[in-house]
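A short worksheet on the structure shown next.
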Amino acid sequence: PIPHNARYGDTVTIEGIVTFEPTTYGLSTSRSRRSAFLQASDSRSWCGVEVMLDTTAFPSGSRPTQAQMEAASQFTQNMKLGRKVRVTGIIGHFQNNSQLYVLPVPTQVISLGNTINPQTVQVSDLMKNNQGSQEPQFATGEQWEGVYVELKNVRVASVTASGQRWFWSVKDASGNEINIRDYSNYYRND
């Protein structure tokens, strides 16, 4: 049902504190995509969103270059950890995750030096072990999409390298396990 959300395609302006900046984005080596996360200052549920600068999100006939998007939006320049920013974009989705696709409109820095304390959640809020099969917990987990959270009392369960990527997971004492994506270039093998 995600692609049928009536809000997808709407243009909105949002404000939030940067919790992940584009210079640490590790899923695009071509630099045609950059990503950041914004959230409200109080680390509550439903308060975070991924913000993408992605030239491929535009129709091919009117697609700006990466340099044009950066110059118009000042995305990488302004999206720095701890800054409260204002961003204009189009609501969309990718692989069942909500995203805001930045438009060529200048981002605005509202304030500097903000801090976000992570919300502590349990692995079982996100994934639950059901007789050896890990099942997503949409009712309790979806609210934390895009929010800076912390998982405590876990151990690394598996680590596998594949080319330039690392695939790994963490597990709690009850056997609930969640994959940790190599979204950040801190966790990539390149």
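The values are calculated or read from the model by the stated rules, or taken from the named source; none is laboratory data. All values reported here derive from a predicted model rather than from experimental measurement. In this analysis, Cβ positions are derived from the backbone assuming ideal geometry, glycine residues included, and neighbour counts consider all displayed protein chains. Protein only, heavy atoms only, side chains kept; ligands, DNA and RNA dropped before computing areas. Shrake-Rupley method; radii C 1.70, N 1.55, O 1.52, S 1.80 Å.
Arrange the residues Val123, Val109 by how much accessible surface each exposes, largest first, with a 1.4 angstrom probe.
Val109, Val123
Using a Förster distance of 25 angstrom, determine the FRET efficiency expected from the C-beta separation of Ser174 and Ser45, and round it to 0.05.
In this case the efficiency is close to 0.65.
Provide, as a two-decimal number, the C-alpha radius of gyration of the range 79-190 over 2.2 N^0.38 Å, N being how many residues it has. Show your work: numbers first, answer last.
Values: Rg = 16.9 Å, N = 112, 2.2 N^0.38 = 13.2 Å.
Relative to the 2.2 N^0.38 Å estimate, the range 79-190 comes out at 1.28.
May I ask you to list the aspartates and glutamates whose Cα is less than 14 Å away from that of Lys128, ignoring any residue fewer than eight positions away on the same chain?
Glu142, Asp172, Glu177
Provide Rg and Dmax in Å for the range 24-152, with only Cα atoms included in the calculation.
Using the Cα atoms of the range 24-152, the pair Rg, Dmax is 16.5, 52 Å.
If ligands, DNA and RNA are left out, what is the accessible area of Leu81 with a 1.4 Å probe, given in Å² to the nearest 10?
120 Å²
How charged is the neighbourhood of Glu15? Take every other residue with its Cβ under 12 Å from the Cβ of Glu15, and add Lys/Arg as +1 and Asp/Glu as -1.
Numbers: positive: Arg83, Lys84, Arg86; negative: none.
Charge balance in the 12 Å sphere: +3.
So, for the chain, what is the accessible surface per residue at a probe of 1.4 Å, expressed in square angstrom?
I get 56 Å² per residue for this part.
Where q = 0.27 Å⁻¹, what log10 of I(q)/I(0) comes from the Debye formula for the range 14-88, counting one point per Cα?
Here the Debye-derived log intensity ratios amount to -1.28.
Which residue fluctuates the most in the chain, going by a Gaussian network model with Cα springs under 10 Å, if the choices are Phe75, Phe20, Phe58?
Phe58
Using a 1.4 Å probe on the protein chains only, how many percent of the accessible area of the chain belongs to carbon and sulfur?
Ligands and nucleic acids excluded, carbon and sulfur give 49 percent.
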